Amino acid sequence: EAGVTQSPTHLIKTRGQQATLRCSPISGHTSVYWYQQALGLGLQFLLWYDEGEERNRGNFPPRFSGRQFPNYSSELNVNALELEDSALYLCASSSWGTGAYEQYFGPGTRLTVT
Amino acid sequence: SQQGEEDPQALSIQEGENATMNCSYKTSINNLQWYRQNSGRGLVHLILIRSNEREKHSGRLRVTLDTSKKSSSLLITASRAADTASYFCATDARDTGRRALTFGSGTRLQVQP
């Protein structure tokens with residue numbers, strides 16, 4: 001069974017540009033989560049999508065947005081990039097297994113803003 | 001701020017020894033999950049323990065959960081050089097329906113061959 005996949009692996013943008021990151025969940029998983037891992041800030045929850053709807057978002061400004069497609073894949077958009085947006089962006093997916101939602105993560109997209 | 005806090009921040013042991021990492025959290029939880037991360041790459045799911053469980057095993061891993069103390073421990077027995085990584089605990093807050101995992105700051109484990 002294929003795991004969570006993310007693309008691209010690396011992304012380099014300049015300040016003010018927009019970045020689009022993509023994620024494909026494990027087959028059968030309907031929920032997709034996005035997390036940011038920035039140096040010195042740790043892993044922080046960004047967004048949760050389920051069945052095409054945004055269900056929850058973390059403490060991030062509105063320029064972080066995304067969507068989930070009918071095939072449950074997702075993309076994360078970051079507008080008006082700032083230097084501090086440089087981070088590893090991790091996508092996870094989950095399903096209801098044994099009474100709990102285990103989240104399985106992809107390899108991440110490393111975004112560098114210059 | 002991170003709900004979960006791992007202790008120690010860094011741990012260096014010899015191959016074959018056991019490694020114990022601790023995690024504390026602040027609010028009531030549905031479950032607690034442990035993850036491994038190698039060199040800033042993706043997170044590998046290790047084990048999930050529910051709030052009504054006290055201990056769980058998976059291969060060389062043993063996880064305990066003490067909800068009265070809001071703490072958990074991860075024991076890796078007979079460590080190998082390949083276990084070198086950062087280990088994170090993550091909690092799923094109870095009854096919020098938010099499903100947002102809150103991660104600790106991690107323990108960096110170095111296993112010397």
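The values are calculated or read from the model by the stated rules, or taken from the named source; none is laboratory data. This structure is a prediction, so every number in the text was calculated from the model and none was measured. With ideal geometry, Cβ positions are generated from the backbone for all residues, glycine too; neighbour counts draw on all protein chains shown. Side chains included, ligands, DNA and RNA excluded: accessible areas come from the protein's heavy atoms. Shrake-Rupley method; radii C 1.70, N 1.55, O 1.52, S 1.80 Å.
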Criterion (among the basic types (Lys, Arg) and in contact with a His (Cβ under 9 Å, 6 or more places away or on another chain)) met by exactly one of B:Arg36, B:Arg62 | B:Arg36
Subset of the stretch B:35-55, residues part of a strand (DSSP E or B) and either within 11 Å of another protein chain (Cβ to nearest Cβ) or touching a Gly at 6+ places or on another chain (Cβ under 8 Å) (or both), comes to B:Tyr35, B:Arg36, B:Gln37, B:Leu43, B:Val44, B:His45, B:Leu46, B:Ile47, B:Leu48, B:Ile49, B:Arg50
Residues of the stretch B:59-113 being away from chain A (no Cβ under 13 Å), part of a strand (DSSP E or B) and among the polar types (S, T, N, Q), in sequence order, are B:Thr64, B:Ser71, B:Ser72, B:Ser73, B:Gln110, B:Gln112
For the stretch A:1-20, which residues satisfy the criterion of being farther than 9 Å from A:Thr109 by Cβ, open to solvent by less than 40 Å² (accessible area, probe 1.4 Å) and either in a strand (DSSP E or B) or of a type in the set (Phe, Trp, Tyr) (or both)?
-> A:Thr20
Is it the case that B:Asn18 is open to solvent by 10 Å² or more (accessible area, probe 1.4 Å), within 17 Å of A:Glu102 (Cα to Cα) and in contact with a strand residue (DSSP E or B) (Cβ under 8 Å, 6 or more places away or on another chain)?
-> no
Residues being within 14 Å of chain B (Cβ to nearest Cβ) and either part of a loop (DSSP other than H, G, I, E, B) or surrounded by fewer than 18 Cβ atoms within 10 Å (Cβ to Cβ) (or both) - total across the stretch A:61-99 = 6
Can we say A:Gly28 is more than 10 Å from every other protein chain (Cβ to nearest Cβ) and assigned to a loop (DSSP other than H, G, I, E, B)?
-> yes
